[in-house]
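The structure under discussion appears below in the form of structure tokens.
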Amino acid sequence: MNEQPQDTTQSLDRPLDVEQAPSLHAQSHRLRDAELDAIVQIVPTPGGVCMYFPYLRAWRRHVLWPAIGVVFAAIALFTARSGAPFGVLLGLGAVATGANLLACYALGNSFRVVIDGRGVQTERRLFGLRLAQRSVPAGDIAGLAIKLSYTTETNEKEEAFYRIYAVLKNGKRAMVADSLRGRPLAERLLSLLAFKTPYDRTDPG
């Protein structure tokens, strides 16, 4: 037996029913949690969390870079055979190389973070090789904050991507999360961290 779909469209001229609001709030949280699961693995630890942002976590956003590198490399090869000036070849080669290096970093880096009562420990790897490591003691941390990372525009639609930082008492910052598409997703992760760790939200500075 086919069940007829119900019209769930809400009128903009009347508020949500009391029973509906918690349901929509929970649904929004489930949606954000599903988005988080796609880019980060979060494991509770005693007094905090361990987060792992795997490589290829945002490949759909960065897959254009290797394509650009291949295109400019092909153009450079074609113009070289056509006897183009060295300066033109150098410029095309630089663009191709830069695009490929950016693609390698964007697609091949992973990020591991431990936040607990001892402080913050981070480790960045590129294709499994340690690229950077940092440790910040708990006494140096003023709180956690969201900061805009960059924006992109596709088909006249702009998207903003955010990071979360541990704001230090000396005014510096230590990044603890990246690749967060949209402010609501960043807010959801920040709320989770503020609940699971000893550090509250603070001014990004």
- Top-ranked residue of segment 171-195 - restricted to ones that are farther than 21 Å from V114 by Cα and open to solvent by 80 Å² or more (accessible area, probe 1.4 Å), ranked as farthest from the chain's Cα centre (by Cα): R183
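Each row is one residue, and each column tells you yes or no for (1) free of Cβ contacts under 8 Å to residues at least 40 places away in the same chain; (2) of a type in the set (V, I, T).
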{"position": "I75", "(1), (2)": "yes, yes"}
{"position": "V95", "(1), (2)": "yes, yes"}
{"position": "A103", "(1), (2)": "no, no"}
{"position": "G108", "(1), (2)": "no, no"}
{"position": "R112", "(1), (2)": "no, no"}
{"position": "I115", "(1), (2)": "no, yes"}
{"position": "G119", "(1), (2)": "yes, no"}
{"position": "E123", "(1), (2)": "yes, no"}
{"position": "F127", "(1), (2)": "no, no"}
- Query: Looking at segment 34-50, is at least one residue at pLDDT below 70 and surrounded by 12 or more Cβ atoms within 10 Å (Cβ to Cβ)?
  - Reply: no
- Query: If you scan segment 100-135, which residues turn out to be open to solvent by less than 80 Å² (accessible area, probe 1.4 Å) and among the basic types (K, R)?
  - Reply: R124, R125
- Message: Tally up the residues in segment 121-130 that are of a type in the set (A, V, I, L, M) and more than 18 Å from the chain's Cα centre (by Cα), please.
- Response: 1
- Here the qualifying pairs (Cβ atoms under 6 Å; residues six or more apart or on different chains; first in segment 162-185 and farther than 19 Å from A142 by Cβ; second open to solvent by 30 Å² or more (accessible area, probe 1.4 Å) and part of a helix (DSSP H, G or I)) come out as L185/R32; L185/E35
- Message: Residue under question is A142, and the condition is that it be open to solvent by less than 70 Å² (accessible area, probe 1.4 Å) and modelled with pLDDT of 95 or more; does it hold?
- Response: yes
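Run down R130, R188, R163, R134 and say which single residue is within 21 Å of P54 (Cα to Cα) and outside any strand (DSSP E or B).
Every option except R188 fails the conditions.
The values are calculated or read from the model by the stated rules, or taken from the named source; none is laboratory data. The model shown is predicted, which means the values in this text are computed figures rather than measured ones. Neighbour counts are summed over all protein chains in view; Cβ atoms, including those assigned to glycine, are modelled from backbone coordinates with ideal geometry. Accessible surface areas use protein heavy atoms only, side chains included; no ligands, DNA or RNA. Shrake-Rupley method; radii C 1.70, N 1.55, O 1.52, S 1.80 Å.
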